[in-house]
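The values are calculated or read from the model by the stated rules, or taken from the named source; none is laboratory data. Worth saying up front: this structure is predicted, and the values here are computed from it rather than measured. Here the Cβ positions follow ideal geometry from the backbone for every residue, glycine too, while neighbour counts run over all protein chains shown. Surface accessibility is based on the protein's heavy atoms, side chains included, excluding ligands, DNA and RNA. Shrake-Rupley method; radii C 1.70, N 1.55, O 1.52, S 1.80 Å.
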Amino acid sequence: MARYHPLLVALHWTLAALITVNLLMGFFRLNEIDNADPAKIDALRTHMIIGGLILVLMIVRTITRIRSTKPPEPDSGSALLNRIARPIHYVIYAVIFGAAFSGMALSAMAGLPPIIFGGSGDPLPESFDIYAPMLAHWLFGIVLAALIAVHLAAVIYHEAIRRTDLLARMWWEDKQP
Ligand code: HEM
Ligand code: HEM
């Protein structure tokens with residue numbers, strides 16, 4: 001069976017875990033802690049380190065994706081779905097980069113690096129809402145969560161209804177005979 005490159009498989013699952021953590025953390029934890037609460041700095045540090053790791057791994061993933069041979073498109077039974085599947089995957093790539101870059105722009109504008117990583121002791125800004133990249137970062141988060149939901153629905157549709165073994169394409173070669 002034609003599969004994705006083993007490195008791409010490893011990156012897909014590692015990134016799926018990291019992105020899920022950062023989305024959940026962003027929407028359900030960071031949002032809940034007041035900027036005056038000292039716990040906010042630790043939570044932001046974790047979120048920003050994971051976000052930076054996501055960016056680095058996405059660069060490796062993009063290069064691997066361009067250089068490796070891709071398995072042929074699976075047939076969804078619909079000409080329209082067949083046509084939009086690959087472009088949607090590219091949009092997912094772009095939105096992940098958008099989330100990472102807008103997060104870094106927000107961090108830079110709000111002067112976060114010395115507070116979060118330099119131990120400057122300065123207070124966090126009262127709110128992040130006054131910085132334009134915050135809106136972009138929030139939007140990228142919402143759009144990414146929606147795309148992941150569509151992605152999961154597509155995988156379930158292929159596996160359960162079309163009976164195409166899509167998960168095997170995004171898994172490593174079975175060495176057993
Ligand atoms: C944060 C979560 C996720 C993101 C951002 C994500 C993103 C992507 C992207 C961009 C691709 C296209 C690969 C490429 O062309 O380079 C892909 C493929 C795939 N993903 Fe995910 N994914 C996520 C979670 C999941 C989960 C939870 C599952 C399983 C239930 C899954 C199953 C698959 C499968 C089976 C493929 C291969 C599709 C094919 O054979 O063409 N993904 N994913
Ligand atoms: C792809 C990676 C990332 C994802 C998926 C992500 C996701 C999110 C989400 C969903 C929120 C909550 C938005 C809201 O409801 O207002 C958030 C907040 C935030 N993120 Fe990220 N983020 C990522 C990377 C980064 C990076 C790299 C940085 C900085 C270096 C960063 C800094 C922040 C900050 C400062 C907040 C505001 C926290 C608050 O509202 O109090 N993020 N992120």
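Note on region 44-64: among residues that are polar (S, T, N, Q) and farther than 22 Å from Pro113 by Cα, the one that is surrounded by the most Cβ atoms within 10 Å (Cβ to Cβ) is Thr64. The residues listed here are Glu173, Glu126, Glu159; of these, the one that is under 30 Å from Arg29 (Cα atoms) and acidic (Asp, Glu) is Glu126. If only residues of region 102-124 that are within 8 Å of ligand 2 (Cβ to nearest atom) and touching a residue at least 40 places away in the same chain (Cβ under 8 Å) are counted, the one that is surrounded by the fewest Cβ atoms within 10 Å (Cβ to Cβ) is Met104.
In region 56-75, the residues that are away from ligand 2 (no atom under 16 Å from the Cβ) form Cβ pairs under 6 Å with partners that are at pLDDT below 95 and not charged (D, E, K, R), at six or more places apart or across chains, as follows: Pro71/Ala2; Pro74/Thr164. Regarding region 65-76, can at least one residue be identified that is under 12 Å from the mean Cα position of the chain (by Cα), farther than 25 Å from Ile41 by Cβ and loosely packed, with under 15 Cβ neighbours inside 10 Å? No, there is no match, as no residue in region 65-76 is under 12 Å from the mean Cα position of the chain (by Cα), farther than 25 Å from Ile41 by Cβ and loosely packed, with under 15 Cβ neighbours inside 10 Å. The residue that is least open to solvent (accessible area, probe 1.4 Å), counting only those in region 125-156 that are in contact (Cβ under 8 Å) with a residue 24 or more places away in the chain and over 21 Å from Ala99 (Cα atoms), is Ala154.
Is it fair to say Arg86 is in contact (Cβ under 8 Å) with a residue 60 or more places away in the chain, of a type in the set (D, E, K, R) and exposed (fewer than 15 other Cβ atoms within 10 Å of the Cβ)? Spelling it out, it is not the case that Arg86 is in contact (Cβ under 8 Å) with a residue 60 or more places away in the chain, of a type in the set (D, E, K, R) and exposed (fewer than 15 other Cβ atoms within 10 Å of the Cβ).
Counting only residues that are open to solvent by less than 30 Å² (accessible area, probe 1.4 Å) and either near ligand 1 (Cβ under 9 Å from one of its atoms) or touching a residue at least 12 places away in the same chain (Cβ under 8 Å) (or both), region 26-43 holds 5 of them.
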